[in-house]
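See below for the structure under consideration.
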Amino acid sequence: MRKQKASSKGKGAQKVRALFALLRPVNFFMVVVAVLLFALASGGSVRCALLTAFSAAFISGAAQAINDYYDYDVDKKEDPPRHALIKYGLPRKYALYVAAFSCAVGLVLAYLASWAHLAVAAFASILIYAYSARMAELKYVGNAVVALLVGLAFVYGGLCGRVILTLFPAFLAFLATWSREVMKDLEDLQKDVGKKTTLPMVAGKHMSAYFAAYLLILAVFFSAFPGPWGFKIFGKYYYPAVAVADLVFMISALYIIRGHPREAETACKVAMILALLAFALGVLLS
């Protein structure tokens, strides 16, 4: 009897871990930090910044969960399975429940922040559903949509104060995210055949690789503008920190041009984290 109870508790704990994993905890935390930073940098109140940051994180979590719902059958064929529900033997419908709950929490928090936040959150939620349900097959369109949503998160934080201060960082995030999405499509080219229409399938591997590298080069070029020599969004400590991120972005661009999408995607992800730290230093030490 005790063994059965222990087994039941173990399964319950596994279910909770699987449902929590659908929200992508690392991404959740990064969204909270990024939006919080820009809400405060724009001159917003602490209350508005916190509501906005967690609203964006929950809507981002909903996006991950709804994407897992629609990719369930494709992910089921992977070995080993990366899908949290498949890994723990849970049915597909749980992803839909998590997405609905997470989106509802995000919208309520947005309403508590302001009507403008609620309008943006509702627009983002509709776009997320449309992407997962309809645009996933046209992945080359979906790449730009994902990048737009990431950039929109920065602007979302800026609605707490002077939103104009967040436009350049949002643009940088848009460029880097779009590039990374193309890199992931290059890495998954063989797996996506017959399931999705990606940019490498339409434009070819070489053109897609050069396009991804071009987007990163643009991001590096425009990264100088938010600092004190440009629009003075960030303080002087921003430049040394963003230089490190830019260096890793350029390494990522070299990897993708030389035909190493996995290494390029990993380097790009590291560079995006470093860029976020540069934004943090630019805000906190200005």
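The values are calculated or read from the model by the stated rules, or taken from the named source; none is laboratory data. Please read all numbers here as calculations on a predicted model, not as lab measurements. Reconstructed Cβ throughout: ideal geometry from the backbone, glycine too, with neighbour counts over all protein chains shown.
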Going through segment 198-219 one residue at a time, which ones are in contact (Cβ under 8 Å) with a residue 40 or more places away in the chain and crowded, with 19+ Cβ neighbours inside 10 Å? 198, 199, 209, 212, 213, 215, 216, 219
Would you please name the residue that is farthest from residue 169 (Cα to Cα), looking only at residues in segment 123-154 that are at pLDDT 85 or above and out of contact with any helix residue (DSSP H, G or I) (no Cβ under 8 Å at 6 or more places or on another chain)? 126
Restricting attention to segment 202-248, report how many residues are over 29 Å from residue 142 (Cβ atoms) and either assigned to a helix (DSSP H, G or I) or over 23 Å from the mean Cα position of the chain (by Cα) (or both). 16
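Quick grid of which residues meet (1) surrounded by fewer than 18 Cβ atoms within 10 Å (Cβ to Cβ); (2) out of contact with any Asp or Glu (no Cβ under 9 Å at 6 or more places or on another chain); (3) on the phi < 0 side of the Ramachandran plot; (4) not basic (Lys, Arg):
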| residue | (1), (2), (3), (4) |
| --- | --- |
| 164 | yes, yes, yes, yes |
| 173 | no, yes, yes, yes |
| 176 | no, yes, yes, yes |
| 180 | no, no, yes, no |
| 190 | yes, yes, yes, yes |
Note down all Cβ pairs under 9 Å where the first residue falls in segment 174-197 and is outside the structural domain of residue 142 (by TED's automatic domain parsing), the second is assigned to a strand (DSSP E or B), and they're at least six residues apart or on different chains. 196/138; 197/138
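Only residues that are farther than 19 Å from residue 56 by Cβ and either among the hydroxyl-bearing types (Ser, Thr, Tyr) or surrounded by fewer than 20 Cβ atoms within 10 Å (Cβ to Cβ) (or both): list them for segment 93-134, please.
Within segment 93-134, 93, 94, 96, 97, 133, 134 qualify.
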Scan the helices (runs of 4 or more DSSP H) fully inside segment 85-165 and keep the ones with 2 or more residues being over 19 Å from the mean Cα position of the chain (by Cα) and more than 30 Å from residue 215 (Cα to Cα). 93-113, 115-130
Residues satisfying the stated conditions in segment 40-90, i.e. modelled with pLDDT of 75 or more and farther than 27 Å from residue 123 by Cα: none
Taking segment 264-278 and the residues there that are in contact (Cβ under 8 Å) with a residue 40 or more places away in the chain and aliphatic (A, V, I, L, M), the one that is surrounded by the most Cβ atoms within 10 Å (Cβ to Cβ) would be 264
